[in-house]
Amino acid sequence: MEVFDTIIVGAGAAGLMAGAHLSHQKVLLLEAQPRVAQKVAIAGGGRCNFTNVHVDASHYLGDSTFVSSVLEEFDNRAVLAYVKRHSIATVCEKNDQYFCAQSAKNLIDALLRDNAHHTLKTNTSVKSATKKGDLFTLDTTQGTYQSRHLLIATGGASYPKIGGNESGLALAKSFGHSVNPFESVLVGWTLQSPQAWMRDLSGVSLRATVRVGEKAFTDWLLFAHKGISGPAVLSASLYWKRGSVSIDFLPDFALKELSHHPKKLLANALPLPHRLALALLEALEIPNVSYKSLDKSALTKLSLLKAYTFAPAGTFGLSKAEACRGGVATDEIDASSMQSRIIEGLFFAGEVVDVTGELGGYNIQWAFSSAVCAAKALAKA
Ligand SMILES: Cc1cc2nc3c(=O)[nH]c(=O)nc-3n(C[C@H](O)[C@H](O)[C@H](O)COP(=O)(O)OP(=O)(O)OC[C@H]3O[C@@H](n4cnc5c(N)ncnc54)[C@H](O)[C@@H]3O)c2cc1C
């Protein structure tokens, strides 16, 4: 049987970027889906937000020393240099998020060109892997393959309809690795009955600050049939487990400014979508009267517009989540190489590792950084 230098399981963001940096090796890429990199294709609304101006460990959930070390191997400047080398036009939006100017397809095509000399098998799902002596043997839906090194880049479990699954965790466990279960993040929140009024606002959006513990995100919040969503909620969801969150519905407005309009009804004076202003006043049991007619208790309740605290019921789930928290535990992976500390020759990259970035291009950046870190070590192995 042909023996490959490296088998990469998963031809997504991490798998393809690793292959692109293994030009001198005989590499086999195994991809379960009919097409490669389907999450990259839909990322950023089809234009893939592939990195950010502010890439550092503070934007990731995970061991910060581990994350910093891996990001340094292929940072945002290196990613930008890669896309420039491939003549992919880019745009920087919101002053910090880099997207493909036209389509994520440009990035996928570049990655595929850099993997053209490798063997790529689609519709090939890896069922199990073992190591005997120096060789890994992989049992797949299309037969058995062998290699000297194995890179697991199977991604997270979100978006199962385009291939998200937990097989990377099962493979890691079979080699003795500890894993933390995947949980949906970068996802909307469902509501408990005291917040049922928010469902009636479906379609309304506003700029808001969402706080979870010490973390605060100011961006768009969208009311939906299922609950609340939008970038501010998705970002905050990374840090939410259970318990309370708080929303400032007026991040750019000080309540004392209402005194400039002492006679206007509150719902007209508040710089909020009118339907939301009315619903919020009702939910907080504040009469819709003029600011100057509010009594002390109503004024106290009014301050809740800037700190509306409640506990979400749960999340919209894996089918809507842009990422998964959890993954292969990083204390059993060497940060300088992404190699397993348990099995020599076994490597991990991308979302399958227990490192998850905020919204804004941090997860593709992580996939690329960890992939290049692994590829550099594989090239020397
Ligand atoms: C809707 C959506 C929008 C997103 N937008 C952004 C964005 O704009 N910016 C950003 O940074 N991140 C974004 N993300 C997250 C980002 O896409 C992922 O974090 C990133 O793709 C992870 O890269 P990966 O290579 O680890 O996994 P993936 O890109 O998911 O690739 C893993 C590959 O492994 C394959 N695979 C899985 N199991 C097996 C198996 N057993 N055998 C063979 N193959 C297997 C899968 O089919 C898949 O192709 C988005 C995600 C979603 C769902």
Please compute the length gained on full extension between residue 331 and residue 3, using 0.36 nm multiplied by the number of residues separating them and subtracting their Cα-Cα distance. 115.1 nm
Here the gain from full extension of residue 275 to residue 225, 0.36 nm per residue of separation minus their alpha-carbon distance, amounts to 16.5 nm
FRET efficiency for residue 263 and residue 193, Cβ-Cβ distance as r, R0 = 35 Å, nearest 0.05? 0.45
Round to the nearest 0.05 the FRET efficiency obtained for residue 300 and residue 95 when R0 = 41 Å and r is the Cβ-Cβ distance. 0.65
Which of 108, 253, 187 sits farthest toward the positive end of the charge dipole of the chain, with +1 on the Cβ of Lys and Arg and -1 on the Cβ of Asp and Glu? 253
What nm distance separates the two modelled labels at residue 54 and residue 127, each placed 7 Å from Cα along Cα→Cβ? 4.8 nm
Fewest to most Cβ atoms within 10 Å: 1, 198 sort as 1, 198
The farthest towards the positive end of the charge dipole of the chain, of the residues 368, 281, 303, given +1 on Cβ of Lys and Arg and -1 on Cβ of Asp and Glu, is 281
Sparsely packed GluC sites (Glu not before Pro) within segment 183-275, loop by DSSP, other Cβ within 10 Å at most 15: 214
In straight Cα distance, which aspartates and glutamates are under 20 Å from residue 292, not counting same-chain residues fewer than 8 positions off? 257, 282
Residue 320: which lysines have alpha carbons under 29 Å from its alpha carbon, excluding same-chain residues fewer than 8 sequence positions away? 39, 94, 105, 121, 127, 161, 173, 215, 226, 241, 306
Can you tell me which of 267-280, 162-175 comes out highest on packing, and rank the rest after it, using the mean Cβ neighbours within 10 Å? 162-175, 267-280
Given charges of +1 on the Cβ of Lys and Arg and -1 on the Cβ of Asp and Glu, with all other atoms neutral, how large is the dipole of the chain about its Cα centre, in debye to the nearest 20? 860 debye
Against the empirical 2.2 N^0.38 Å scaling, what ratio does the C-alpha Rg of segment 193-315 come to? 1.04
Within the chain, what percent of beta bridges assigned by DSSP are antiparallel, to the nearest 5? 75 percent
Please give the helix 362-380 orientation as an angle from the longest Cα principal axis of the chain, in degrees from 0 to 90, rounded to the nearest 10. 20 degrees
If one takes the longest principal axis of the Cα atoms in the chain, at what angle in degrees, from 0 to 90 and to the nearest 10, does the Cα axis of helix 104-114 lie? 20 degrees
Trypsin sites (Lys or Arg not before Pro) in segment 25-104 lying in a DSSP loop, each with at most 12 other Cβ atoms within 10 Å of its Cβ, come to 94
How much length, in nm to one decimal, is gained on full extension between residue 142 and residue 24, taken as 0.36 nm per residue of separation minus their Cα-Cα distance? 39.9 nm
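Only the coordinates and a few stated rules stand behind these numbers; no lab work does. Because the structure is predicted, anything quoted here is derived from the model rather than measured. In this analysis, Cβ positions are derived from the backbone assuming ideal geometry, glycine residues included, and neighbour counts consider all displayed protein chains.
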